[in-house]
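J.: I'd like to ask you about the structure that follows.
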Amino acid sequence: MKLNLFLLMVLVALVAANFGLSDNPAHRNFEAMPEMVRTIAYKSFSANPDFPDGKTLQLPPEGAIPRQPDHVVTHPGALVYQTYCQPCHGGAGKGDGPVALRGFPPPPSLLAEHAMKLSGNQIFQIVSHGQKNMPSYAVQVPPQDRWAAVSYIRTLQGDAQR
Ligand code: HEC
């Protein structure tokens, strides 16, 4: 009974709103929180009233720990690896990516001796043609990006040995 009353009230309110609110196409409809759709964008170097120093680009807070060494982030293969390989092979290549953690047969660590001894060409071939449980990435990743990923794996391996 209460629910029916409530629904009746909702219905009355909706009918009233339907007649009450103008549907003049020359005017914009009411928008709740328009900034959610069109955020106010600042250019990196433009002034910004939201920060005490008036700048848009802010330094990381004191004591912030970089999650990856800079040379890893700026490596041309980083984006390729993070997009296509990291889901299985993990951020550092240890074979602990989210896909592997959720039941996909985990790949061997790219930091293990076996992977260290693969030649760049062999890694390129594995990415191009796949190997056992690993599918080919020839369609998604163009050859130049495959080489960039190979080079990025070498960077990860170098970091692991340091
Ligand atoms: C869907 C999960 C998955 C993705 C994504 C993936 N791999 Fe693999 N990868 C595997 C699995 C599983 C193996 C082990 C295959 C086997 O048993 O021989 C493997 C093996 C490898 C090996 C051989 C390692 C060794 O020691 O034999 C290399 C190198 C490799 N992957 C590179 C890559 C690169 C580069 C990418 C991105 C372009 C990538 N993989 C994307 C699952 C994946």
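Readers should treat all values here as calculations from the given coordinates under stated rules, not as data from a laboratory. For clarity, every value in this text was computed on a predicted model and none was experimentally measured. Glycine also receives a Cβ, built like all others from the backbone with ideal geometry; neighbour counts cover every protein chain displayed.
J.: State the extension gain, in nm to one decimal, for the chain segment bounded by His129 and Leu8, taking 0.36 nm per residue of separation less the distance between their alpha-carbons.
T.: Value of the extension gain: 37.2 nm.
J.: Here's something else I'd like to know. Considering only lysines 8 or more places apart in sequence, or on different chains, count the pairs in the chain whose C-alpha atoms sit under 24 Å apart.
T.: Counting lysine pairs in the chain gives 4.
J.: While we're looking at this one, here's another question. Could you order the peptides 112-121, 7-16, 85-94 from most to least packed, using the average number of other C-beta atoms within 10 Å per residue?
T.: Packing proxy ranking, top to bottom: 85-94, 112-121, 7-16.
J.: Still on this structure: Rounded to the nearest 500, what is the chain's calculated 222 nm mean residue ellipticity when only DSSP H runs of at least 4 contribute -39500 (n - 2.57) each, over all residues?
T.: Mean residue ellipticity at 222 nm (helix-derived): -11500 deg cm²/dmol.
J.: Next question, about the same structure. Suppose R0 equals 41 Å. What FRET efficiency, 1/(1 + (r/R0)^6) with r the Cβ-Cβ distance, do Asp50 and Asn121 give to the nearest 0.05?
T.: Working from the Cβ atoms, E equals 0.20.
J.: Determine the relative contact order of the range 70-161: mean sequence separation of Cα pairs under 8 Å and six or more apart, normalised by residue count, in whole percent.
T.: Relative CO of the range 70-161 lands at 32 percent.
J.: OK, next. For His27 and Met1, what does the FRET efficiency come to when R0 = 25 Å and r is the distance between their Cβ atoms, rounded to the nearest 0.05?
T.: 0.05
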